[in-house]
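The values are calculated or read from the model by the stated rules, or taken from the named source; none is laboratory data. Note that the structure is predicted; figures quoted are calculated from it, not measured. Because the Cβ atoms are built from the backbone with ideal geometry, glycine has one as well, and the counts that use them run over all protein chains shown.
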Amino acid sequence: MNDVYGVISQVAGQRIVLFAAVVEKNALLRKYGGRVEPYEQAFEGLCTMFNLFLRKVQAKQGSVQRGIIVFDEARPSLSRQIRTLLAKFQAGGSRWTTINSLVETVFFFDSRTSRIMQLADFTAHAVYRWYETGDPHHLKAIQHKFDREGGKQHGLKCYPLECTKNCP
């Protein structure tokens, strides 16, 4: 595992930019009184983070940038909900911004057959270990790959936002 995290860490420049959303379900339930669905909250956050990143790249490069969202097909029951949510965010925006840099649909792949999906699995594992057990070992190796601007990290958030933790 250390070798894989080492490869992710060493990829030059912005060839890999990571995004992850964590949901603290109990805090979310307390904050919104059960009126927010955890998957919707996490997906809205990911769409917002990715869309804002694409806008930054577009501003720097001066050319239109579009992004594709890819999910692991391990939970087929989730695919209809995710597609519906993306259409909702594209039509009306997220609670933070308009969503106009993402292609019109979400794609699904089996992570066992896609290296890029395996990279996402490793990223999710590192984030999970940090949030669930407080073990920052793997996250430390790749934390510089999460989208950031200046000194502020944008690519790794917890919802509700006040639950976001900084990896040491």
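Which residue out of Val7, Val64, Val57 is more than 23 Å from Glu149 (Cβ to Cβ) and at pLDDT 85 or above? Can you show your working first?
Values: Val64 fails: more than 23 Å from Glu149 (Cβ to Cβ); Val57 fails: more than 23 Å from Glu149 (Cβ to Cβ).
Residue meeting the stated conditions: Val7.
If you take just the strands (runs of 3 or more DSSP E) that sit entirely in region 4-113, which of them hold at least 1 residues that are over 16 Å from the mean Cα position of the chain (by Cα) and over 20 Å from Ile142 (Cβ atoms)? Can you show your working first?
Values: elements: 20-23, 67-72, 102-109.
Hits in region 4-113: 102-109.
Is it the case that some residue within region 132-141 is in a helix (DSSP H, G or I), free of Cβ contacts under 8 Å to residues at least 40 places away in the same chain and charged (D, E, K, R)?
Kept after step one, since they are in a helix (DSSP H, G or I), are these residues of region 132-141: 132-133, 137-141.
Next, only the ones that are free of Cβ contacts under 8 Å to residues at least 40 places away in the same chain stay: 132-133, 137, 139-140.
Applying the additional criterion that residues be charged (D, E, K, R) yields 132, 140.
Yes: region 132-141 contains one or more residues that are in a helix (DSSP H, G or I), free of Cβ contacts under 8 Å to residues at least 40 places away in the same chain and charged (D, E, K, R).
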Region 142-161: number of residues that are free of Cβ contacts under 8 Å to residues at least 60 places away in the same chain and either under 20 Å from Pro38 (Cα atoms) or crowded, with 16+ Cβ neighbours inside 10 Å (or both): 3
Conditions (1) touching a helix residue (DSSP H, G or I) at 6+ places or on another chain (Cβ under 9 Å); (2) surrounded by fewer than 19 Cβ atoms within 10 Å (Cβ to Cβ): number failed by Trp130: (2)
Set Phe71, Phe43, Phe53: member being among the hydrophobic types (A, V, I, L, M, F, W, C), touching an Asp or Glu at 6+ places or on another chain (Cβ under 6 Å) and surrounded by 14 or more Cβ atoms within 10 Å (Cβ to Cβ): Phe53
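For region 80-92, indicate whether the set of residues that are without any contact (Cβ under 8 Å) to a residue 60 or more places away in the chain and within 29 Å of Tyr5 (Cβ to Cβ) is non-empty. If you could, list the steps in order and put the result at the bottom.
First, the residues of region 80-92 that are without any contact (Cβ under 8 Å) to a residue 60 or more places away in the chain: 80-92.
With the extra rule that they be within 29 Å of Tyr5 (Cβ to Cβ), the set shrinks to 82.
Yes, some residue in region 80-92 is without any contact (Cβ under 8 Å) to a residue 60 or more places away in the chain and within 29 Å of Tyr5 (Cβ to Cβ).
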Top-ranked residue of region 88-111 - restricted to ones that are farther than 16 Å from Asp121 by Cβ and touching an Asp or Glu at 6+ places or on another chain (Cβ under 8 Å), ranked as surrounded by the most Cβ atoms within 10 Å (Cβ to Cβ): Phe89
Tally, over region 155-166, of residues that are farther than 25 Å from Glu73 by Cβ and either at pLDDT 95 or above or in contact with a helix residue (DSSP H, G or I) (Cβ under 6 Å, 6 or more places away or on another chain) (or both): 2
